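Participant: Below: one structure in structure tokens.
The values are calculated or read from the model by the stated rules, or taken from the named source; none is laboratory data. Just so we're clear, the structure is a prediction, and the values are computed from it rather than from any experiment. For neighbour counting, all protein chains shown are included, and Cβ atoms are generated from backbone atoms with ideal geometry for every residue, glycine included. Heads up: the accessible areas ignore ligands, DNA and RNA and are worked out on the full protein's heavy atoms, side chains in. Shrake-Rupley method; radii C 1.70, N 1.55, O 1.52, S 1.80 Å.
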Amino acid sequence: MASSDMKNDDVLAKEMNRWSGHANAYTNVERLTLPLAIQLAQWVDSVLPFATHGASALDDGCGSGVLGSAIKTVCPAVPLLSCDVAEGMLSQAQSRAKKEQWSAPCDFQILDARNLEGVPDASITHLMSQYMICLAPEPDRIAQEMYRVLKPGGVLGLGTYGLPRFDHVYYPWVIAAWKIGVLDFEILDLMASKWTKPASVKDALEEAGFKDVEVREKMVDWEFESLAKAMHYAFREGNPAMEAYKQAWREKSGKDTDVFEPVYAEEMGKLYEQEDGRVVIPIKVVFCIGRK
Ligand SMILES: C[S@@+](CC[C@H](N)C(=O)[O-])C[C@H]1O[C@@H](n2cnc3c(N)ncnc32)[C@H](O)[C@@H]1O
């Protein structure tokens, strides 16, 4: 194995553990991703109906199954394969399917999106994936694998985050750091900018072979009941992006996050707290459609 592959596999193993460890708290993220999944599934359906004869759908990096839920709402009968590399997330998707009584056929598999082993070439008509390719190692390879399994004439529906650093966290974080006297706080991009900026996502999909690529940028609100709940989620529930911020803070400041939290909460409150106490965070996302 090449050393870059070994490095990526190490990164992937950490990614699997991080996401599995976060699975129970993922309902907080679903408040954001479920409505987006519904919009993306409806867009895909308007381009190529899921009810097309011989259709088969794949939710790549399914997490807790929000896209599967949207797909099964739009077209209960379409055969659906949901896969994710993290066992904890996949079992959330299975529980969701049971609770929502998804119609058969639906299948669940632990698969690495870089290598959708067992999924034959040109076998899927609707390949959907959201908020995975921008976060996972080797996104270009993932796109090539998506292209491999898609049938000619099939459609890709892809959602990505629109800013590589999660800027809604970055700005209050930097201001809080300055207030504490850590003037040089910096964090590297958490996602590949090629897979977050709309124009470059379009180029990247075309590079992987997709045609008729259409990209839409959107702002959406991510709500929490209160500042306390938003802070609890950010610091206590193991979100992989927040863990990266916490790690960068410790390295840069040499301090633990307990001194940082109240100052960050104040900055979050100034930016996002509403009069009724809710916290509403604007998030930039990108929706794409491509054809093979
Ligand atoms: C932000 S979550 C998105 C989940 C879901 N698609 C949604 O919209 O809520 C990212 C998901 O990608 C999965 N993931 C990360 N790297 C992966 C890979 N190489 N192959 C498959 N899944 C991966 C994670 O385990 C996690 O469930």
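Participant: Could you work out how much longer the chain between GLN144 and ILE180 gets when fully extended? Use 0.36 nm per residue separation minus the Cα distance between them, nm to one decimal.
Facilitator: 8.5 nm
Participant: To continue, here is another question. In nm, to one decimal, how far is the VAL280 label point from the ASP203 one, both placed 7 Å along Cα→Cβ?
Facilitator: 3.6 nm
Participant: A follow-up question, please. Quick one: accessible surface of THR73, probe radius 1.4 Å, all protein chains present, in square angstrom to the nearest 10.
Facilitator: 110 Å²
Participant: Report the accessible area of GLU138, computed with a 1.4 Å probe over the heavy atoms of all protein chains in place, in Å² rounded to the nearest 10.
Facilitator: Approximately 50 Å² of GLU138 is accessible to the 1.4 Å probe.
Participant: What are the ³J(HN,Hα) values, in whole Hz, obtained from phi via the Karplus relation 6.51 cos²θ - 1.76 cosθ + 1.60 with θ = phi - 60°, for each residue of segment 233-246 in sequence order, with x given for Gly and Pro?
Facilitator: Result, ordered by residue: 4, 5, 10, 10, 10, x, 4, x, 5, 5, 4, 5, 4, 4 Hz.
Participant: Can you send over the carbon and sulfur percentage of the accessible area for the chain, probe radius 1.4 Å, protein chains only?
Facilitator: Of the solvent-accessible surface of the chain, carbon and sulfur hold 52 percent.
Participant: What full-extension length gain, to one decimal in nm, is calculated for ARG216 and LEU271 as 0.36 nm per residue of separation minus the Cα-Cα distance?
Facilitator: Difference between extended and current length: 17.2 nm.
Participant: Here's something else I'd like to know. Explain nothing, just the number: relative contact order of segment 26-73, from Cα pairs under 8 Å at least 6 residues apart, as a whole percent.
Facilitator: Relative contact order of segment 26-73: 53 percent.
Participant: What residues from segment 253-280 fall in the zone where the backbone N is under 16 Å from a label point 7 Å along the Cα-to-C-beta line of GLU223?
Facilitator: The answer is 272-280.
Participant: Classify segment 71-136 as rounded, prolate or oblate, taking a ≥ b ≥ c as the square roots of the eigenvalues of its Cα gyration tensor: rounded when a/c is under 1.5, otherwise prolate if a/b is larger than b/c and oblate if not.
Facilitator: oblate
Participant: Now for a separate question. Please give the per residue accessible area of the chain, computed with a probe of 1.4 Å over protein heavy atoms only, in Å².
Facilitator: Result: 45 Å² of accessible area for each residue.
Participant: Under the rule a/c < 1.5 gives rounded, and otherwise a/b versus b/c splits prolate from oblate, where does segment 155-205 land using the Cα gyration tensor?
Facilitator: prolate
Participant: Next up: Can you give the FRET efficiency for VAL259 and HIS53, using 1/(1 + (r/R0)^6), R0 = 45 Å, r = Cβ-Cβ distance, to the nearest 0.05?
Facilitator: Efficiency, from the Cβ-Cβ distance: 0.15.
Participant: What do you get for the angle between helix 198-207 and the principal long axis of the chain? Use alpha-carbon atoms, 0 to 90 degrees, nearest ten.
Facilitator: That works out to roughly 40 degrees.
Participant: When the chain is treated as a GNM, springs tying every alpha-carbon pair under 10 Å, which of TYR131, TYR161, TYR171 comes out with the largest mean-square fluctuation?
Facilitator: Of TYR131, TYR161, TYR171, the Gaussian network model singles out TYR171 as fluctuating most.
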